[in-house]
Amino acid sequence: MESKNVILEKEGKIAVVTINRPKALNALNSQVVKDLDNIIAELETDNEVYVVILRGAGEKAFVAGADISEMKNLNEEQAREFSVLGNKVFRRLETLDKPVIAVISGFALGGGCELAMACDIRIASEKARFAQPEVGLGITPGFGGTQRLSRIVGLGKAKELIYTGEIISAEEALKIGLVNTVVPLENLMDEAKAMANKIAKNAPIAVKLCKDAIDRGIQVDIDSAIMMEVEDFGKCFTTIDQKEGMTAFIEKRTKNFQNR
Ligand code: DAK
């Protein structure tokens, strides 16, 4: 594989983004986070890409966390800067107007678990392992773990995992709802691509608006959330793809969506 920290490849409407530091188990140093930011910026303006797959190079790790050797000597101000950078990039990924599927072959620890949680969907191999082990290093999770884990698995389980730092198996992650599905390692990318292609067959603007309504709606009260859905539903009727989807249904023919 190339020596870039983060690699972007495109296969039709699917983009595959690979965090590429396998010798350090894809640990996130500030350069990797900045490179990921640049790739997300590229994806934001790419109307040909409908779905993104995010993975780590090699089989051993998705991402084994923030880079401990880089973090070790940070002072308070530098630590805040690193956290602000990471949170900005993870939030940019989370709000990208395309679904992102995290493909987790092995370790997703600390910042790695946080990165997976900033994605829309998580597919794990049977060998995947998850943890927020930060308290064992004398720190709190710094890339959104204290916030996203409880939103995904509920308060009690999130507190248990964060306070103990315990590493859990893919099976346990599936049981608590941290991952969507678990498959044998050799099938991992095929499964992810099959799901990505299923999503990419649908009207991309509708999918994007669903992401918007779900993600913004979960932050607010139900009445405000329903109004967000109403707004997004209305927007669909300004698109060519809504006309195409419904006309093709009536005419019993294959749909030809244009992302317009
Ligand atoms: N950082 C840097 N290098 C890492 C790393 C990491 N997180 N994880 C692994 N590596 C490196 C190892 O140092 C080793 O490098 P060499 O010795 O070969 O040069 C190489 O990857 C292979 O790892 P091991 O030799 O250790 O492999 P093993 O199979 O024996 O063990 C392991 C695999 C994943 C169990 C082990 O490497 C491990 O425990 N790694 C650390 C996992 C961890 O604790 N991750 C959480 C990091 S804390 C914040 C911002 C962010 C965060 C917090 C605050 N603010 C700024 C406020 C987030 C924090 C974290 O993510």
Only one of VAL89, VAL135, VAL84 is in a helix (DSSP H, G or I), under 23 Å from GLN31 (Cα atoms), within 16 Å of the ligand (Cβ to nearest atom) and open to solvent by 70 Å² or more (accessible area, probe 1.4 Å), namely VAL84
Residues of the stretch 1-13 being under 25 Å from LYS127 (Cβ atoms), outside any strand (DSSP E or B) and either within 15 Å of the chain's Cα centre (by Cα) or modelled with pLDDT of 95 or more (or both), in sequence order, are ASN5
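Within the stretch 243-260, restricting attention to residues that are without any contact (Cβ under 8 Å) to a residue 60 or more places away in the chain and in contact with a helix residue (DSSP H, G or I) (Cβ under 7 Å, 6 or more places away or on another chain), which residue is farthest from LYS198 (Cα to Cα)? Give the derivation first.
Our first condition is that a residue be without any contact (Cβ under 8 Å) to a residue 60 or more places away in the chain; within the stretch 243-260, this holds for 243-258, 260.
Going one step further and asking which of them are in contact with a helix residue (DSSP H, G or I) (Cβ under 7 Å, 6 or more places away or on another chain), we end up with 254-258, 260.
Values: THR254: 15, LYS255: 14, ASN256: 14, PHE257: 14, GLN258: 16, ARG260: 19 Å.
Across the stretch 243-260, the extreme among qualifying residues is ARG260.
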By my count, helices (runs of 4 or more DSSP H) wholly in the stretch 143-203 with at least 3 residues that are closer than 30 Å to THR254 by Cα, open to solvent by 30 Å² or more (accessible area, probe 1.4 Å) and without any contact (Cβ under 8 Å) to a residue 60 or more places away in the chain are 188-200
Being part of a strand (DSSP E or B) and touching a strand residue (DSSP E or B) at 6+ places or on another chain (Cβ under 9 Å) narrows VAL16, VAL32 down to just VAL16
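Among the residues of the stretch 45-69, how many are outside any strand (DSSP E or B) and either buried (at least 17 other Cβ atoms within 10 Å of the Cβ) or more than 16 Å from the ligand (Cβ to nearest atom) (or both)? Give the derivation first.
Taking the stretch 45-69 as the starting set, the residues that turn out to be outside any strand (DSSP E or B) are 45-50, 57-60, 64-65, 67-69.
Narrowing further to those that are either buried (at least 17 other Cβ atoms within 10 Å of the Cβ) or more than 16 Å from the ligand (Cβ to nearest atom) (or both): 45-50, 57-58, 64-65, 67.
Here the count works out to 11.
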Filter the stretch 32-44 for residues that are touching a Leu at 6+ places or on another chain (Cβ under 9 Å) and open to solvent by less than 10 Å² (accessible area, probe 1.4 Å); the one that is farthest from the ligand (Cβ to nearest atom) is LEU43
Tell me whether the stretch 223-239 contains one or more residues that are touching a residue at least 12 places away in the same chain (Cβ under 8 Å) and either assigned to a loop (DSSP other than H, G, I, E, B) or in contact with a strand residue (DSSP E or B) (Cβ under 7 Å, 6 or more places away or on another chain) (or both). yes
Scanning the stretch 96-130 for residues that are farther than 22 Å from ASP190 by Cβ, assigned to a loop (DSSP other than H, G, I, E, B) and either free of Cβ contacts under 8 Å to residues at least 24 places away in the same chain or within 10 Å of the chain's Cα centre (by Cα) (or both) gives LEU96, ALA118
When every residue in the stretch 120-132 that is of a type outside the set (A, V, I, L, M) and over 12 Å from LEU149 (Cα atoms) is compared, the one nearest to the ligand (Cβ to nearest atom) is ARG129
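Got a number for residues in the stretch 71-81 being open to solvent by 70 Å² or more (accessible area, probe 1.4 Å) and near the ligand (Cβ under 9 Å from one of its atoms)?
Filtering the stretch 71-81 down to residues open to solvent by 70 Å² or more (accessible area, probe 1.4 Å) leaves 72-73, 75-78, 80-81.
In the following step, the residues that additionally are near the ligand (Cβ under 9 Å from one of its atoms) were identified as 78, 80-81.
Adding up the residues that qualify gives 3.
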Cβ pairs under 9 Å, 6+ apart or interchain, first in the stretch 49-76 and polar (S, T, N, Q), second within 11 Å of the ligand (Cβ to nearest atom), ordered by first then second residue, are SER69/ALA24; SER69/ALA27; SER69/ASN29
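The values are calculated or read from the model by the stated rules, or taken from the named source; none is laboratory data. Quick caveat, the model's predicted, so the values are computed rather than measured. Using ideal geometry, Cβ is built from the backbone for each residue, glycine included, and neighbour counts are taken over all protein chains shown. Ligands, DNA and RNA are excluded from the accessible area calculation, which covers all protein heavy atoms including side chains. Shrake-Rupley method; radii C 1.70, N 1.55, O 1.52, S 1.80 Å.
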